[in-house]
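A.B. asks: Once you've had a glance at the structure underneath, I'll fire off some questions.
The values are calculated or read from the model by the stated rules, or taken from the named source; none is laboratory data. If you're wondering where the values come from, they're calculated on a predicted model, not measured in any experiment. FYI the Cβ positions are ideal-geometry reconstructions off the backbone, even for glycines, and counts take in every protein chain you see. Note: areas computed on protein heavy atoms with side chains; ligands, DNA, RNA excluded. Shrake-Rupley method; radii C 1.70, N 1.55, O 1.52, S 1.80 Å.
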Amino acid sequence: MLRLLGSLLLVAMTASVTGAAPTPAASPTPLDRVVPAPASVDPGGSPYRITRGTHIRVDGSRETRGIGGYLARILRPSTGYRLPVTAQGAGGIRLRLTEGPFGAEGYRLDSGRGGVTITAAEPAGLFHGVQTLRQLLPAAVEKDSVQPGPWLVAGGTITDTPRYGWRGAMLDVSRHFFTVGQVKRYIDQLALYKINKLHLHLSDDQGWRIAIDSWPRLASYGGSTEVGGGPGGFYTKADYKEIVRYAASRYLEVVPEIDMPGHTNAALASYAGLNCDGVAPPLYTGTEVGFSSLCVGKEITYDFVDDVIRELAALTPGRYLHIGGDEAHSTSHEDYVTFMDRVQPIVAKYGKTVVGWHQLTGATPAKGALAQYWGLDSTGAEEKARVAKAAQNGTGLILSPADRAYLDMKYTKETPLGLSWAGYVEVKRSYDWDPGAYLPGVPGGAVRGVEAPMWSETLENSEHIEYMAFPRLPGVAELGWSSAASLDWERYKGRLAAQAERWDALGIEWYRSPQVPWGASDGR
């Protein structure tokens, strides 16, 4: 008893001298606090503690070693530990590829006193399991300087597979140009929430952003400006390959978009012959839409399209190529149908699958094509029925309703960035819908997934992108990953609130929505 009293007195004296209260015992993040919500959580048992003696153990595959190295690079700066990546020994953090009921992207995470094991059938699943492990560790693990820890992972098992195979984010690099480094930063943020598609909007009225050797003025002239008259820019082929490589290292597939026949002023300004009257319009730096069109009746148009798709397909290892097709208000319906009938086979000729905005369903979508729906809750029944009919006939759908999933919409009228033509989209509205039941008449199997577009009329840098993406992006990611039964705003908003400390540790700008119960210690 005296020894206990003496110990308590010593603690009190120490606190008095240092001015600090005794440090409370650390508790690990519960397994069910992850975003997106896992398919199955079975908590229990002792937590695992990462220590100076922890190793990251991998099998002999190149992919597993790469994922182990990625994890080590995240953990080393904040823990201060060596965390060697090795194929030897037992215990520690183990990354394991093996046959099992995980699919292409699923995984199982087992945690206990002896270590953490992440098991998957494919490397993508292993990588997604690593993202879950990150979220189970304290947010300070994301910092680039040594932190005190402790580094505990709660005991138990997570078994997880995604609901949809398409979980995308689109970045518009045409209205404003973003550098390779800025795109990489966004890729890293997307990977944390298990996004697996990066849709790059590479051309529009305001700028052409990819070098095409056979039509060099597209980039050198058409890429020379942006909204507001800035210097613009474009990706060399080496730049684009680096984006593709980096995305692949985070298990994201790049889906390039060349928007046509509308949204083409940058191309029309670059080559007079693409215009029906043979006269090139001036470069455009405004934000209106619907005024431009390729000349559907000229054969040079299809030579142009063939060259662009051929060169872009050769740079893109992924399966898909997006041909736009929205807001072609200056193209007659007849010409639009003619154009799509000519262009879709060109995409197939170069080994890619067509993706188009949902206006593609006003023509005849190619076999296997995907239509990306961006309408509103208030979109007319006739337009929705046309999309539903295409889905019934075999066209897959990607859901990006503008008044739900567009990350460039203002949160409220006071939001300093973004647009509001689709209405204001607060965090709850962006999350509180079910992709599988969103469009009437659409078979459940036709929905391939969701995508969160980020249009850039008002966005000029990474801070702008982040402020509009966070906290809405994780919610769209959860809609794509988690089961319909787990989608519940009241439960989700608490898990979302817990992410704020991690965003701060990563240096991410974010919007403090009043709809979310952010903690008092989030530093805002």
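A.B. asks: Would you point out which residue out of SER456, SER430 is touching a His at 6+ places or on another chain (Cβ under 8 Å) and of a type in the set (Ser, Thr, Tyr)?
C.D. replies: Every option except SER456 fails the conditions.
A.B. asks: Further question: Can we say TRP455 is in contact (Cβ under 8 Å) with a residue 40 or more places away in the chain, buried (at least 19 other Cβ atoms within 10 Å of the Cβ), aromatic (Phe, Trp, Tyr) and out of contact with any helix residue (DSSP H, G or I) (no Cβ under 8 Å at 6 or more places or on another chain)?
C.D. replies: Judged against the criteria, TRP455 is a match.
A.B. asks: With respect to VAL343, determine if the residue is under 22 Å from PRO453 (Cα atoms), of a type in the set (A, V, I, L, M, F, W, C), crowded, with 21+ Cβ neighbours inside 10 Å and touching a residue at least 60 places away in the same chain (Cβ under 8 Å).
C.D. replies: For VAL343, the condition - under 22 Å from PRO453 (Cα atoms), of a type in the set (A, V, I, L, M, F, W, C), crowded, with 21+ Cβ neighbours inside 10 Å and touching a residue at least 60 places away in the same chain (Cβ under 8 Å) - is not met.
A.B. asks: Same structure, new question: Of all residues in the stretch 265-301, how many are of a type in the set (Val, Ile, Thr) and open to solvent by less than 10 Å² (accessible area, probe 1.4 Å)?
C.D. replies: 1
A.B. asks: Within the stretch 149-159, identify whether any single residue is surrounded by fewer than 18 Cβ atoms within 10 Å (Cβ to Cβ), free of Cβ contacts under 8 Å to residues at least 24 places away in the same chain and of a type outside the set (Phe, Trp, Tyr), and answer yes or no.
C.D. replies: Taking every residue of the stretch 149-159 in turn, none turns out to be surrounded by fewer than 18 Cβ atoms within 10 Å (Cβ to Cβ), free of Cβ contacts under 8 Å to residues at least 24 places away in the same chain and of a type outside the set (Phe, Trp, Tyr).
A.B. asks: Taking the options SER486, SER430, name whichever one is crowded, with 22+ Cβ neighbours inside 10 Å, closer than 20 Å to GLN515 by Cβ, of a type in the set (Ser, Thr, Tyr) and in contact (Cβ under 8 Å) with a residue 40 or more places away in the chain.
C.D. replies: On the way: SER486 fails: crowded, with 22+ Cβ neighbours inside 10 Å.
Exactly one of SER486, SER430 is crowded, with 22+ Cβ neighbours inside 10 Å, closer than 20 Å to GLN515 by Cβ, of a type in the set (Ser, Thr, Tyr) and in contact (Cβ under 8 Å) with a residue 40 or more places away in the chain, namely SER430.
A.B. asks: Give me the residue from the stretch 102-118 that is in contact with a Lys or Arg (Cβ under 9 Å, 6 or more places away or on another chain) and assigned to a loop (DSSP other than H, G, I, E, B) and, out of that set, farthest from GLY45 (Cα to Cα).
C.D. replies: So the residue we want is GLU105.
A.B. asks: Given the condition crowded, with 24+ Cβ neighbours inside 10 Å, among the β-branched types (Val, Ile, Thr) and in contact (Cβ under 8 Å) with a residue 24 or more places away in the chain, answer yes or no: does some residue in the stretch 407-419 qualify?
C.D. replies: Within the stretch 407-419, none of the residues are crowded, with 24+ Cβ neighbours inside 10 Å, among the β-branched types (Val, Ile, Thr) and in contact (Cβ under 8 Å) with a residue 24 or more places away in the chain.
Rundown of residues vs (1) open to solvent by 10 Å² or more (accessible area, probe 1.4 Å); (2) small (Gly, Ala, Ser); (3) closer than 30 Å to GLU226 by Cβ; (4) touching a residue at least 24 places away in the same chain (Cβ under 8 Å), yes/no style:
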site	(1), (2), (3), (4)
ARG113	yes, no, no, yes
VAL130	no, no, no, yes
VAL146	yes, no, no, yes
ALA169	no, yes, yes, yes
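A.B. asks: Report yes if GLY449 is in contact (Cβ under 8 Å) with a residue 60 or more places away in the chain and open to solvent by less than 10 Å² (accessible area, probe 1.4 Å), otherwise no.
C.D. replies: So GLY449 passes the test.
A.B. asks: Determine whether GLU311 is open to solvent by 10 Å² or more (accessible area, probe 1.4 Å), of a type outside the set (A, V, I, L, M, F, W, C) and part of a helix (DSSP H, G or I).
C.D. replies: Answer is yes for this residue.
Let's see how each residue does on (1) within 16 Å of GLY69 (Cα to Cα); (2) in contact with a strand residue (DSSP E or B) (Cβ under 7 Å, 6 or more places away or on another chain); (3) at pLDDT below 95:
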| residue | (1), (2), (3) |
| --- | --- |
| THR119 | no, yes, no |
| LEU137 | no, yes, no |
| GLU142 | yes, no, no |
| VAL153 | no, yes, no |
| ILE158 | no, yes, no |
| PRO162 | no, no, no |
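A.B. asks: List pairs: first in the stretch 384-399 and surrounded by 18 or more Cβ atoms within 10 Å (Cβ to Cβ), second at pLDDT 95 or above and of a type in the set (Val, Ile, Thr), Cβ under 6 Å, 6+ apart or cross-chain?
C.D. replies: Here the result reads VAL387/THR361; ALA388/VAL442; ALA390/THR361; ALA391/VAL442; LEU397/VAL447; LEU399/VAL450, each pair linking the stretch 384-399 to a residue that is at pLDDT 95 or above and of a type in the set (Val, Ile, Thr).
A.B. asks: Checking the condition within 24 Å of LEU274 (Cβ to Cβ), open to solvent by 10 Å² or more (accessible area, probe 1.4 Å) and among the acidic types (Asp, Glu), which residue from GLU242, GLU226 passes?
C.D. replies: Exactly one residue qualifies, and that residue is GLU226.
A.B. asks: Identify, by number, the condition in (1) touching a residue at least 24 places away in the same chain (Cβ under 8 Å); (2) open to solvent by 10 Å² or more (accessible area, probe 1.4 Å) that PRO216 doesn't meet.
C.D. replies: (1)
A.B. asks: Scan the stretch 355-376 for residues that are open to solvent by 10 Å² or more (accessible area, probe 1.4 Å), aliphatic (A, V, I, L, M) and within 17 Å of ARG319 (Cα to Cα) and jot them down.
C.D. replies: ALA366
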